1. Give me the residue from the stretch 79-104 that is outside any loop (DSSP other than H, G, I, E, B) and polar (S, T, N, Q) and, out of that set, farthest from N298 (Cα to Cα).
2. Suppose we filter D149, D225, D165 for residues that are in contact with a Gly (Cβ under 8 Å, 6 or more places away or on another chain) and of a type in the set (D, E, K, R); which single one remains?
3. Kindly indicate which of R78, R119 is touching a residue at least 60 places away in the same chain (Cβ under 8 Å), outside the structural domain of H296 (by TED's automatic domain parsing) and among the charged types (D, E, K, R).
4. Say whether the condition of being over 18 Å from the mean Cα position of the chain (by Cα) and buried (at least 19 other Cβ atoms within 10 Å of the Cβ) is met by at least one residue in the stretch 292-313.
5. Quick check on the stretch 140-151: of everything there that is of a type in the set (A, V, I, L, M) and surrounded by fewer than 24 Cβ atoms within 10 Å (Cβ to Cβ), which residue is nearest to P53 (Cα to Cα)?
6. Go over the candidates K242, K280, K256, K262 one by one and state the one that is surrounded by fewer than 16 Cβ atoms within 10 Å (Cβ to Cβ), over 26 Å from G156 (Cα atoms) and touching a residue at least 24 places away in the same chain (Cβ under 8 Å).
7. With under 15 Å from F146 (Cβ atoms), part of a loop (DSSP other than H, G, I, E, B) and either modelled with pLDDT under 95 or out of contact with any Cys (no Cβ under 7 Å at 6 or more places or on another chain) (or both) as the only criterion, which of T49, T22 stands out?
8. Tell me the residue from V211, V196 that is in the same structural domain as R315 (by TED's automatic domain parsing), modelled with pLDDT of 95 or more and crowded, with 24+ Cβ neighbours inside 10 Å, please.
Amino acid sequence: MLTLTPFESAESAVPKNRHKATHSVKPIQVQPRIEIPIGAKTTLAEFDTAPFPYEGMHARFWNVSSGKRKGHRASFGRVYWQDETYRERRVLLHIPNGFDVSRPGVIIVFFHGHSAKLRRDVLDRQRVPAQISASGINAVLVAPQFAVDAKDSSAGKFWEPGAFDRFIQEAASKLADLYGDARAAQSFAKMPVVIVAYSGGYLAAASCLKVGGVQDHVRGVVLLDALYGEVDSFAAWIEKNKSTFFVSAYTDSTQKRNVALKTVLAHRKIVYGTDLKQQKWRHGVTFLSTNSKVGHWNFVTHAWADYPIKDLLSRLDEYRR
């Protein structure tokens, strides 16, 4: 297990030809830059229940072979190989300074989008652990690696019934180890879960809600410009879980399907809001449309507010640290 120091940058893990955005909107440097406070604990841990490696045959996922190698041909034609793109089993864990396992807490599960690596993107560029710490709530972060640095939304093991529940149970044990008290595993296992999915992370989120085995364990779902599909799946979950919250914030990239979801909900007589000013969003559906200057690539750090994960979580007063 690789433990990161509080202010360790991921720059050293990025090659000189570092990943470039594939979107037309140029990256925005958000100021001020938030950091992980001293005393917080952050690590990359290997999981047996991580989404990958994946050996299943969901929808003929492995559709290319070359000798002993298996690969997946994406819809746009590129082949991603199992031993290159779908091998990573590490998960980013983060416990803020001041987190107290004996108080009401919540596990934030973050699903990254396309072309991402945990250290380079989730930790350093999107500042997700720092946003969790800065939110001021009694929350921990669990962020699995999906396809490595690839334009692929595949859910891997999370396609399998009960797999997300097994993942959360292992996360509880790993978090207890990081916290420094193995007895805390039971407390972590009982904590509610908030799924935050960015961009291509929507597919794993939908699968976890449908077959993950944690339907009664999910406190809320947040889609960060992520509603590229599975409209009926999210609508079904919303209809069956009226005591939870569902927030979908979006740019022009996903506006069409957000409109489609609104239409489905209206047909089912499910009321939704369009801002976070009222407390009712904590037990309801909210759509947040951002202005034209907000781009998809920077959405995890610059959406309706700078550091939107921090902004949203800070409103969950029931988990205040």
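The values are calculated or read from the model by the stated rules, or taken from the named source; none is laboratory data. Note that the structure is predicted; figures quoted are calculated from it, not measured. In this analysis, Cβ positions are derived from the backbone assuming ideal geometry, glycine residues included, and neighbour counts consider all displayed protein chains.
1. Just the residues of the stretch 79-104 that are outside any loop (DSSP other than H, G, I, E, B), to begin with: 79-85, 90-95.
If we keep only those that are polar (S, T, N, Q) too, we end up with 82, 85.
Working: Q82: 29, T85: 23 Å.
Residue satisfying both the conditions and the ranking: Q82.
2. Exactly one of D149, D225, D165 is in contact with a Gly (Cβ under 8 Å, 6 or more places away or on another chain) and of a type in the set (D, E, K, R), namely D165.
3. On the way: R119 fails: outside the structural domain of H296 (by TED's automatic domain parsing).
After ruling out the rest, the residue left standing is R78.
4. Checked against the condition, which is being over 18 Å from the mean Cα position of the chain (by Cα) and buried (at least 19 other Cβ atoms within 10 Å of the Cβ), the stretch 292-313 yields at least one hit.
5. Start the filter on the stretch 140-151 by keeping residues that are of a type in the set (A, V, I, L, M), which leaves 140-143, 147-148, 150.
From what's left, surrounded by fewer than 24 Cβ atoms within 10 Å (Cβ to Cβ): 142, 148, 150.
Details: V142: 18, V148: 11, A150: 15 Å.
Selected residue: V148.
6. Numbers: K280 fails: touching a residue at least 24 places away in the same chain (Cβ under 8 Å); K256 fails: touching a residue at least 24 places away in the same chain (Cβ under 8 Å); K262 fails: surrounded by fewer than 16 Cβ atoms within 10 Å (Cβ to Cβ).
When all the criteria are applied, what remains is K242.
7. On the way: T22 fails: under 15 Å from F146 (Cβ atoms).
Just a single option satisfies the conditions, and that option is T49.
8. Working: V211 fails: crowded, with 24+ Cβ neighbours inside 10 Å.
Within the list V211, V196, the selection yields V196.
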